[in-house]
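Peer 1: Encoded as structure tokens, here's the structure I'll be asking about.
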Amino acid sequence: MIHAVVLGAAAGGGFPQWNSNTAACRRARAGDPAAAARSQASLAVSADGASWYLLNASPDLRQQINATPCLHPREGLRSTPIAGVLLTGGEVDTVAGLLTLRERQALRLVASDAVHDLLDANPIFEALSRDVVPRQRVPLRQWFPLLDAGGGPTGLTAMLFPVPGKVPLYLEPAAGGALALEEEDGGTVGVALEAGGRRIFYIPGCAAMTPALEELLRGAELVFFDGTLWRDDEMILAGLGPKTGQRMGHMSVSGAGGTMAAFAGLDVERKILIHMNNSNPVLLDGSPERAEAEAAGWQVAFDGMEVRL
């Protein structure tokens, strides 16, 4: 069995975003139940309910742990059921929460070579002492067991696979303005997880659906997928910024080249949007966009959502 808990369902900045005064963010800030607040995207997964892995460490990680009883300390003066963290990229909203875990607590940090290179280049992440937080580099497209800090099994196996993306925002100037990573780079990856013969996918960022990704996801039991924007020019139309979704490294949910169209023929049993930007109207209960997504067989993730396979 795989037990997954959505720790956060929103994109970077969360919903409401701290400096956003849009109507939707005002509704969320006021506690409107039709505009439920969401923290920044992360998932907790377990095969046995005892050992848990975090998929990404968002800046909201401390409050997410406190809001999730299965992640609370259980014994002694200090302990945690968190066995490790598995990263899908090196963006601020996937790695900043690592600094929350700096109290010399044993856990394992797992990522691709490309992501570990980013962490190694930034000395602030040495706050996670390597003698208690081993850093494990894993190859792409190969299954491997998810272990705790001492090398013990958690019952989960995983595979990282490359997806189209882009360099983190803070690296764009150094990259000479480059927008897209080569798919083989490993800077942006999806995660496949298996336990007890069940398999789920977690892909919070993806710039395009490729033939290889189509074949990997075809017939899947459960996919959490990038729901950042409803339409590619959403940020521009809302007056929130000059970037399209593609420029930010994300597919849009709607449209001919969007997520709903890309998944239409893949026969995925359960499809859940995650990593929604605060501008995305699919966040709002009762919106036409929410109705359209649900009619296409999609659910919209929310903080605290639980899935068991």
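Peer 1: Quick one: is LEU87 touching a Pro at 6+ places or on another chain (Cβ under 9 Å), at pLDDT 95 or above and under 18 Å from VAL189 (Cα atoms)?
Peer 2: no
Peer 1: Might you check whether a residue that is modelled with pLDDT of 95 or more and either crowded, with 22+ Cβ neighbours inside 10 Å or under 23 Å from ASP303 (Cβ atoms) (or both) occurs anywhere in segment 203-216?
Peer 2: So far as segment 203-216 goes, yes, one or more of its residues are modelled with pLDDT of 95 or more and either crowded, with 22+ Cβ neighbours inside 10 Å or under 23 Å from ASP303 (Cβ atoms) (or both).
Peer 1: Of everything in segment 273-292, what is closer than 15 Å to ALA37 by Cβ and surrounded by fewer than 17 Cβ atoms within 10 Å (Cβ to Cβ)? Give them in sequence order.
Peer 2: Answer for segment 273-292, where residues must be closer than 15 Å to ALA37 by Cβ and surrounded by fewer than 17 Cβ atoms within 10 Å (Cβ to Cβ): just ASP285.
Peer 1: Same structure, new question: Quick check on segment 135-157. Is at least one of its residues in a loop (DSSP other than H, G, I, E, B), closer than 25 Å to ALA9 by Cα and open to solvent by less than 30 Å² (accessible area, probe 1.4 Å)?
Peer 2: no
Peer 1: Something else: How many residues does segment 172-199 hold that are out of contact with any Lys or Arg (no Cβ under 7 Å at 6 or more places or on another chain), surrounded by fewer than 23 Cβ atoms within 10 Å (Cβ to Cβ) and modelled with pLDDT of 90 or more?
Peer 2: Residues in segment 172-199 being out of contact with any Lys or Arg (no Cβ under 7 Å at 6 or more places or on another chain), surrounded by fewer than 23 Cβ atoms within 10 Å (Cβ to Cβ) and modelled with pLDDT of 90 or more: 6 in total.
Peer 1: Looking only at residues in segment 14-55 that are on the phi > 0 side of the Ramachandran plot and out of contact with any helix residue (DSSP H, G or I) (no Cβ under 8 Å at 6 or more places or on another chain), which one is surrounded by the most Cβ atoms within 10 Å (Cβ to Cβ)?
Peer 2: In this case the residue turns out to be GLY14.
Peer 1: Of a type in the set (Gly, Ala, Ser) and buried (at least 24 other Cβ atoms within 10 Å of the Cβ) - does that describe any residue in segment 95-102?
Peer 2: For segment 95-102, residues of a type in the set (Gly, Ala, Ser) and buried (at least 24 other Cβ atoms within 10 Å of the Cβ): present.
Peer 1: Here is a further query. Please find, within segment 260-269, the residue that is surrounded by the fewest Cβ atoms within 10 Å (Cβ to Cβ) out of those that are touching a helix residue (DSSP H, G or I) at 6+ places or on another chain (Cβ under 9 Å) and closer than 15 Å to PHE224 by Cα.
Peer 2: LEU266
For every residue, the table says whether it meets (1) surrounded by 15 or more Cβ atoms within 10 Å (Cβ to Cβ); (2) touching a residue at least 60 places away in the same chain (Cβ under 8 Å); (3) touching a strand residue (DSSP E or B) at 6+ places or on another chain (Cβ under 6 Å).
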| position | (1), (2), (3) |
| --- | --- |
| SER254 | yes, no, no |
| GLY258 | yes, no, yes |
| LYS271 | yes, no, yes |
| GLU294 | no, no, no |
| ALA301 | yes, yes, yes |
| GLU306 | no, yes, yes |
| LEU309 | yes, yes, yes |
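Peer 1: Does segment 239-256 contain at least one residue that is basic (Lys, Arg) and part of a loop (DSSP other than H, G, I, E, B)?
Peer 2: There is at least one residue in segment 239-256 that is basic (Lys, Arg) and part of a loop (DSSP other than H, G, I, E, B).
The values are calculated or read from the model by the stated rules, or taken from the named source; none is laboratory data. Owing to the predicted nature of the structure, the values given are computational and were not obtained by experimental measurement. Please note: Cβ atoms are built from the backbone with ideal geometry, for glycine as well, and neighbour counts cover all protein chains shown. SASA here: full protein model, heavy atoms, side chains in, ligands and nucleic acids out. Shrake-Rupley method; radii C 1.70, N 1.55, O 1.52, S 1.80 Å.
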